[in-house]
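Student: This is the structure, below, for whatever I ask next.
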Amino acid sequence: DLTTYLGINLLKLKSQSGVHTLLVDGQESQGTDLEKLIYSSTGLTIPTEAMHGWLKGLKQSKNDVIEYDQKSHLPSRLLSSYDQGIWQIHYANYYQLGQVQLAKKLSIKRNNLVIKIVINRWTINDV
């Protein structure tokens, strides 16, 4: 679910076996390309493919730059070149899950678009 800071639900997303179902303003859409589906339904360009790595503090490409916090040595900022633009990812809080520290709060910025993310729970699957 994507909600505003006031708790207003903007969209609902369900994904299963590579097929994404998006519900926006009572209209349901389906597709296999999540970025295109979100754009066609909302007009927003959300870098869903790149976010898989960004949420974990990982580079999307070899040219990306990660800045680390001097005390914690965890990523504090990541500059990423994606989809013909520069994205800035700022990591605010982390918490411990087993042996790893995972982001709890982060913001993703490009031009006038700001996406603020709060992660309430991480689930790590054994591979």
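Condition check ((1) closer than 22 Å to T123 by Cβ; (2) surrounded by 13 or more Cβ atoms within 10 Å (Cβ to Cβ)) across all residues:
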{"site": "I46", "(1), (2)": "yes, yes"}
{"site": "L78", "(1), (2)": "no, yes"}
{"site": "G85", "(1), (2)": "no, no"}
{"site": "H90", "(1), (2)": "no, yes"}
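Student: Further question on the same structure: Within the stretch 103-117, identify whether any single residue is surrounded by 10 or more Cβ atoms within 10 Å (Cβ to Cβ), under 11 Å from the mean Cα position of the chain (by Cα) and in a loop (DSSP other than H, G, I, E, B), and answer yes or no.
Tutor: no
Student: Further, regarding this structure: Looking at (1) part of a strand (DSSP E or B); (2) touching a residue at least 40 places away in the same chain (Cβ under 8 Å); (3) closer than 18 Å to T123 by Cα, find the lone condition where Y94 falls short.
Tutor: Y94 satisfies all of (1) part of a strand (DSSP E or B); (2) touching a residue at least 40 places away in the same chain (Cβ under 8 Å); (3) closer than 18 Å to T123 by Cα except (2).
Student: Yes or no: the stretch 65-77 includes at least one residue that is at pLDDT below 90 and either at positive phi or within 16 Å of the chain's Cα centre (by Cα) (or both).
Tutor: No: zero hits.
Student: List, please: which pairs have Cβ atoms under 7 Å, are six or more places apart or on different chains, and start with a residue in the stretch 16-40 that is free of Cβ contacts under 8 Å to residues at least 60 places away in the same chain and end with one that is basic (K, R)?
Tutor: Hits for this filter: T21/K14; L23/K12.
Student: Next question. Condition first: farther than 17 Å from R110 by Cα and in a strand (DSSP E or B). Now tell me which residues in the stretch 60-75 satisfy that.
Tutor: E67, Y68, P75
The values are calculated or read from the model by the stated rules, or taken from the named source; none is laboratory data. Every value quoted in this text rests on a predicted model; they were computed, and no experiment measured them. Note: ideal-geometry Cβ built from the backbone for every residue, glycine included; neighbour counts use all protein chains shown.
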